[in-house]
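Working notes, structure below.
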Amino acid sequence: LEKKKNYKIYVKDRLELDLTKQETVFKYLNKIKPDSVIIAAAKVGGIVANNTYRASFLYDNLSIQTNLIHGSYISGVKNLIFLGSSCIYPRNSKQPIKEKYILSDYLEKTNEPYAIAKIAGLKMCENYSNEYNLNYKTLMPCNSYGENDNYDSNSSHFLPALVKKIIDAIRNKEESITLWGNGKSLRELIFSEDVASACSYFLNKNTKDKIINIGSGIEYTIEDYARIIMKNLNVKLKILYDQNKPNGTFRKLLDSKL
């Protein structure tokens, strides 16, 4: 990775690498000997993907992060950032969510395998730092969005899914869109470039806390986001609700105070 102005991070060399293959990852890291590593790679998706591909979400994410974290250690990497997610906090966590609330209660069932994998990565960073005197930490972003987002109806997160629903309704001259559940679940958003800035800021800082929340501190309901998108597109569509579909975690506002 090559740092440039304004804390933006650019890929210096692009290489297709199967991160689930331990030997391949170890050889590559040992060859390039990076000064620092940021782990943004993961198998991710919204409620549909998380709840449908539970086994692969668990296995693939455990493989990816284990190979990269341990591979970085044996290659001599001192500074590493692992990206977690606000969805790995307990389903009914106190609000706003503090880092110390991790593992304090039951997880949201629909994304439990993904959450368990991410918690394992978080604990690897914490314990590798303690045992081997390393600066490995986990940044916990809220829902992120940005350019080149995933708009696949079967695997996208809620915001790109909303954008696609509304755009499709406009193109098909439909008068309504249908939201999952009751539309009242609250979500906090952060722009992808702000996540990158946070990674750049914290990468070489030897912080006492190895789990750090990053968010905007602003939350709206799913229904609110749908209306905001429609307002910006200058369109009015009726909002219907599919109560047979899950709402997901009701609220997960992060406490991002340093």
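Points to keep in mind about this one:
- Among all positions in region 72-83, there is no residue which is in contact with a Pro (Cβ under 8 Å, 6 or more places away or on another chain), open to solvent by 50 Å² or more (accessible area, probe 1.4 Å) and either at pLDDT 95 or above or acidic (Asp, Glu) (or both).
- Matching option when the condition is surrounded by fewer than 18 Cβ atoms within 10 Å (Cβ to Cβ), modelled with pLDDT under 95 and of a type in the set (A, V, I, L, M), among ILE32, ILE47: ILE32
- The criterion of at least 2 residues that are open to solvent by 70 Å² or more (accessible area, probe 1.4 Å) and either more than 30 Å from TYR128 (Cα to Cα) or at pLDDT below 95 (or both) is met, among strands (runs of 3 or more DSSP E) falling completely within region 153-258, by 238-242.
- Beta carbons closer than 6 Å, at least 6 apart along the sequence or on distinct chains, pair a first residue in region 19-42 that is within 18 Å of ALA198 (Cα to Cα) with a second that is β-branched (Val, Ile, Thr) for VAL37/VAL77; ILE38/ILE81; ALA41/ILE64.
- Qualifying residues in region 53-83 (those that are touching a residue at least 24 places away in the same chain (Cβ under 8 Å) and polar (S, T, N, Q)) - the one farthest from ASN213 (Cα to Cα): SER75
- Of the candidates ILE39, ILE64, the single residue that is of a type in the set (Val, Ile, Thr), in contact with a Phe, Trp or Tyr (Cβ under 7 Å, 6 or more places away or on another chain), crowded, with 18+ Cβ neighbours inside 10 Å and at negative phi is ILE39.
- Scope region 129-152; condition open to solvent by 40 Å² or more (accessible area, probe 1.4 Å), farther than 23 Å from ILE218 by Cα and touching a Leu at 6+ places or on another chain (Cβ under 6 Å); matching residues: none
- Unique match (being touching a helix residue (DSSP H, G or I) at 6+ places or on another chain (Cβ under 9 Å) and either without any contact (Cβ under 8 Å) to a residue 12 or more places away in the chain or more than 24 Å from ARG54 (Cβ to Cβ) (or both)) among GLU131, GLU126, GLU147: GLU147
- Taken over region 84-105, the criterion of being charged (D, E, K, R) and in contact (Cβ under 8 Å) with a residue 40 or more places away in the chain is satisfied by ARG91, LYS98, GLU99.
The values are calculated or read from the model by the stated rules, or taken from the named source; none is laboratory data. Every value quoted in this text rests on a predicted model; they were computed, and no experiment measured them. Positions of Cβ are backbone-derived with ideal geometry, glycine not excepted, and every protein chain shown enters the neighbour counts. Accessible surface is based on the protein model in full, side chains and every heavy atom, while ligands, DNA and RNA are left aside. Shrake-Rupley method; radii C 1.70, N 1.55, O 1.52, S 1.80 Å.
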